[in-house]
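The values are calculated or read from the model by the stated rules, or taken from the named source; none is laboratory data. Remember, predicted model here, so these are calculated numbers, not experimental data. Cβ coordinates were reconstructed from backbone atoms using ideal geometry, including for glycine residues, and neighbour counts include every protein chain displayed.
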Amino acid sequence: MSVPETHRAIDAVWRIESPRLIAGLARMVRDVGLAEELAQDALVAALEQWPGSGVPRNPGAWLMAIAKRRAIDQIRRQERYERKLAEIGRELAIDGEESTPDLDAAFEDTIEDDLLRLIFVACHPVLSTEARIALTLRLLGGLTTDEIARAFLVRESTIAQRIVRAKRSLAKAQVPFEVPTGENRATRLSSVLEVIYLIFNEGYAATAGDDWMRPALCEEALRLGRILAELVPSEPEVHGLVALMELQASRAWARTGPRGEPILLLDQNRSRWDRLLIRRGLTALDRASGSDQPPGPYALQAAIAACHARAGTPEETDWARIAALYAALAQLVPSPVVELNRAVALAMAFGPAVGLELVETLTSEPSLKEYHLLPSVRGDLLAKLDRLDEAREEFERAASLTRNERERALLLRRAAACVEGSGGAPTPSLEP
């Protein structure tokens, strides 16, 4: 294997193994920052040795063995030598020499628990939302700071600072490397789910930049969600989130045209929807619905997405059920954005005048003042009611508020169509 081929193999191994590696090390050294440094040391060793020796049969165990030995060297330089050395020594069965323990067993025995602990630590509420997202992608996604920065269209130094500060905050707060229990578990799990869905949403509908979607972020969020569902199979909301992401991701190929332009929901070619992802999403929704607990926010949103997935054509969509599901969601998590989505569903089920009536009650909502989808939806409904001058103004306002260039171009086309008298073939501006 050539050196470039070996480096590509190392990169692939790192993406797969780094979360497990960091999780296992963090359990031992009780410091996420130190655990990542040790894992990086192991990666450097692989880059130095594998081009000559070849990729080992069990690369994950090899990396863990190197990292653990680095951990021992680190601990020997610290005052806590006896306590920490005994903790790691029990796992390595150190007899004073370079012994070769059962690395496979040492690496795999508690890996699921370690991964779950790391997820809860990376998404700890003591961190800001931006820090949680960056740290999660770094530790659990194996992404470099440059990759994270490019995904979110910010400077690499900004992401690096967020990650460094996040590690310091965790250390300062002495966040325990453990899975929370009792009432605290539900709160912390909510934070984990929020981070994963925020990552997915940024990939599904980019808030800024030239691209309508960033599929790599969607894929990373889906991977994290699936891992979490395996780690906590008894949590219905985890399955609800996975269902929601699978069903939304199933539309990905139909959401953009040949030049990357957005294609809204009712204009999409449904034959391009991914049937495998739809089946996976519906299966996850069944698992979420099979619990004795009432459906949570993610399960309700997944049920809404399922209404679209089950409709062979836009006309077959059960908009009345979607409106009812949004009403249930509004009861559970009151939000002006949920009400805006409900207005779209009501308009599709009972006519634009009904939807507009609800939208008008939201125009004075402070939290929606800079939210471009409010004037976008209002413009859509006004266009359907042939109030084209008002609709044009709303589309232009929406275009001035969005930071996504693809979306801005779409909204300006809608505004121009109002001048021409066609209203721009209005379709729902939101994807419920």
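If you go through the range 156-200 and keep only what is under 21 Å from the mean Cα position of the chain (by Cα), at pLDDT 90 or above and in a loop (DSSP other than H, G, I, E, B), you end up with nothing. The single condition among (1) farther than 20 Å from residue 336 by Cα; (2) modelled with pLDDT of 95 or more that residue 394 does not meet is (1). Of 198, 153, all but one fail to be touching a residue at least 40 places away in the same chain (Cβ under 8 Å), out of contact with any Gly (no Cβ under 8 Å at 6 or more places or on another chain) and not acidic (Asp, Glu); the exception is 198.
Evaluated against (1) under 28 Å from the mean Cα position of the chain (by Cα); (2) part of a helix (DSSP H, G or I); (3) surrounded by 15 or more Cβ atoms within 10 Å (Cβ to Cβ); (4) not β-branched (Val, Ile, Thr), residue 348 falls short on exactly one condition, (1). Of the listed requirements (1) at pLDDT below 70; (2) assigned to a helix (DSSP H, G or I); (3) among the acidic types (Asp, Glu); (4) surrounded by fewer than 15 Cβ atoms within 10 Å (Cβ to Cβ), residue 97 misses just one: (2).
For residue 125, are the conditions met, namely being assigned to a loop (DSSP other than H, G, I, E, B), within 19 Å of the chain's Cα centre (by Cα) and in contact (Cβ under 8 Å) with a residue 12 or more places away in the chain? Steps first, answer last, please.
Details: assigned to a loop (DSSP other than H, G, I, E, B): yes; within 19 Å of the chain's Cα centre (by Cα): yes; in contact (Cβ under 8 Å) with a residue 12 or more places away in the chain: yes.
It is true that residue 125 is assigned to a loop (DSSP other than H, G, I, E, B), within 19 Å of the chain's Cα centre (by Cα) and in contact (Cβ under 8 Å) with a residue 12 or more places away in the chain.
Of all residues in the range 212-268, those satisfying the criterion of being of a type in the set (Ser, Thr, Tyr) and in contact with a Phe, Trp or Tyr (Cβ under 7 Å, 6 or more places away or on another chain) are 250, 256. Counting the residues of the range 129-155 that are in a loop (DSSP other than H, G, I, E, B) and within 21 Å of residue 30 (Cα to Cα) gives 3.
May I ask you to verify whether residue 316 is surrounded by fewer than 17 Cβ atoms within 10 Å (Cβ to Cβ) and within 30 Å of residue 289 (Cβ to Cβ)? Yes, satisfied.
When residues of the range 1-60 are filtered for being in contact with a helix residue (DSSP H, G or I) (Cβ under 8 Å, 6 or more places away or on another chain), among the polar types (S, T, N, Q) and free of Cβ contacts under 8 Å to residues at least 60 places away in the same chain, how many remain?
Quick first cut of the range 1-60, residues in contact with a helix residue (DSSP H, G or I) (Cβ under 8 Å, 6 or more places away or on another chain) only: 1, 3, 6-7, 9-10, 13-14, 16-29, 31-36, 38-39, 41-43, 45-47, 50-51, 54-56, 58-60.
Among the residues that remain, those that are also among the polar types (S, T, N, Q) are: 6, 18, 58.
Those still in the list that are free of Cβ contacts under 8 Å to residues at least 60 places away in the same chain too: 6, 58.
Residues in the range 1-60 being in contact with a helix residue (DSSP H, G or I) (Cβ under 8 Å, 6 or more places away or on another chain), among the polar types (S, T, N, Q) and free of Cβ contacts under 8 Å to residues at least 60 places away in the same chain: 2 in total.
Only residues that are surrounded by 20 or more Cβ atoms within 10 Å (Cβ to Cβ) and either within 13 Å of the chain's Cα centre (by Cα) or of a type in the set (A, V, I, L, M) (or both) were counted in the range 223-236, giving 3.
When you scan the range 258-265, do you find a residue that is free of Cβ contacts under 8 Å to residues at least 40 places away in the same chain, under 29 Å from residue 278 (Cβ atoms) and in contact with a helix residue (DSSP H, G or I) (Cβ under 9 Å, 6 or more places away or on another chain), even just one? Within the range 258-265, one or more residues are free of Cβ contacts under 8 Å to residues at least 40 places away in the same chain, under 29 Å from residue 278 (Cβ atoms) and in contact with a helix residue (DSSP H, G or I) (Cβ under 9 Å, 6 or more places away or on another chain).
Here is a yes/no grid of residues against (1) surrounded by fewer than 19 Cβ atoms within 10 Å (Cβ to Cβ); (2) of a type in the set (Lys, Arg); (3) closer than 19 Å to residue 322 by Cα; (4) touching a Cys at 6+ places or on another chain (Cβ under 8 Å):
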residue: 238; (1), (2), (3), (4): no, no, no, no
residue: 244; (1), (2), (3), (4): no, no, yes, no
residue: 267; (1), (2), (3), (4): yes, no, yes, no
residue: 271; (1), (2), (3), (4): yes, no, no, no
residue: 279; (1), (2), (3), (4): yes, yes, no, no
residue: 295; (1), (2), (3), (4): no, no, yes, no
residue: 304; (1), (2), (3), (4): no, no, yes, no
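Can you give me the number of residues within the range 402-421 that are surrounded by 18 or more Cβ atoms within 10 Å (Cβ to Cβ) and either under 19 Å from residue 337 (Cα atoms) or in contact with an Asp or Glu (Cβ under 9 Å, 6 or more places away or on another chain) (or both)? Talk me through it step by step, then tell me what you get.
Kept after step one, since they are surrounded by 18 or more Cβ atoms within 10 Å (Cβ to Cβ), are these residues of the range 402-421: 402, 404, 406-407, 410-411, 414-415, 417-418.
Narrowing further to those that are either under 19 Å from residue 337 (Cα atoms) or in contact with an Asp or Glu (Cβ under 9 Å, 6 or more places away or on another chain) (or both): 402, 404, 406-407, 410-411, 414-415, 418.
Number of matching residues: 9.
If I ask for residues that are among the small types (Gly, Ala, Ser) and surrounded by 21 or more Cβ atoms within 10 Å (Cβ to Cβ), which ones from the range 15-59 would you list? Spell out how you get there, then give the answer.
Filtering the range 15-59 down to residues among the small types (Gly, Ala, Ser) leaves 18, 23-24, 26, 33, 35, 39, 42, 45-46, 52-54.
Across the range 15-59, the qualifying residues are 18, 23, 24, 26, 35, 39, 42, 46.
Close Cβ contacts (under 9 Å, 6 or more residues apart or on different chains) running from residues in the range 347-366 that are more than 15 Å from residue 327 (Cβ to Cβ) to residues that are of a type in the set (Ser, Thr, Tyr) and at pLDDT below 95 comprise 365/371. Look at (1) crowded, with 18+ Cβ neighbours inside 10 Å; (2) in contact (Cβ under 8 Å) with a residue 60 or more places away in the chain; (3) part of a helix (DSSP H, G or I) and you find that residue 203 fails only one, number (2).
Would you point out which residue out of 355, 312 is at pLDDT below 95 and touching a Lys or Arg at 6+ places or on another chain (Cβ under 9 Å)? Quick ask: steps written out before the conclusion?
Numbers: 355 fails: at pLDDT below 95.
The unique qualifying residue is 312.
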